[in-house]
Structures are given as structure tokens and as C-alpha cells.
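Taking it in order: structure first as C-alpha cells, then the write-up.
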Amino acid sequence: MPTPFWTRAWRRNKTLRYGVPMLLLIVGGSFGLREFSQIRYDAVKIKLDPELEKKLKMSNISLESEYEKIKDSTFEDWKNIRGPRPWEESDLQGQNYKTLKTKTA
């Protein structure tokens, strides 16, 4: 049985062999990327539960109010205490915290 014309042309022509699949990948990828990025914008449009939204409005918590709370704080006595790593014993970190607390008190 002789091979069809399109299979012989597919094997011989480099444009058909490499260019067409590359163009399909680029065009198909752009449509796929559009669909995935649309999910982000759709998620923003989702509304909160009305009761939760009402509680958030009643509490008056905002970035500005939290800033006002800590604006006048002094951080001169602040110490950076590193938490334990998964491979370290957590008791050692607790001892360092207790000794630091007793030194400042």
C-alpha cells in the first residue's frame, strides 16, 4: 500500500515538521494562559459572606488604625529571637528566650 501524500510531505518539509507544531504550541499556549489568568480576576469578584462583611465593617480595623497603634512604640529593647529549625531541639530555643527575658526584666 503506498503512503499518502501528506505523510511524505510531512517527513520532507521542515516547516511542516517543526514550524506548524511550534506555532500550534504558541497559539494554544496563549489561549491556555488567558484561561488560567482569568481565574485570578474571577476570584477577586467573589463576594464575602454578608455576615462576615458586616462584622469587618463594624470592627473598624484598617491599616491606618493599626499603624497608629504602633507608631509611637519604641523598639530599642526589641530582640530578634530565631525560632527552632526542624532538626534542632526546641528546648534549646526556649532556654535562650527565658534567659533573654530575665535579662531585660
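Okay, here's what the table says:
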read-out: Net charge dipole size for segment 4-64 [Lys, Arg +1 and Asp, Glu -1 on Cβ; Debye, nearest 20]; value: 720 debye
read-out: Per DSSP, loop chymotrypsin sites (Phe, Trp or Tyr not before Pro) in segment 39-81 with at most 15 further Cβ within 10 Å; value: PHE75, TRP78
read-out: Binned Cα-Cα distances of segment 1-49, short to long, each 5 Å bin given as a whole percent; value: 5, 16, 13, 12, 10, 10, 8, 7, 6, 5, 4, 3, 1, 0
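Throughout, read-outs are computed from the coordinates displayed, never taken from laboratory work. Only a predicted model underlies this, so the values are computations on that prediction, with no experimental measurement involved. Neighbour counts run over all protein chains shown; Cβ positions are idealised from the backbone, glycine included.
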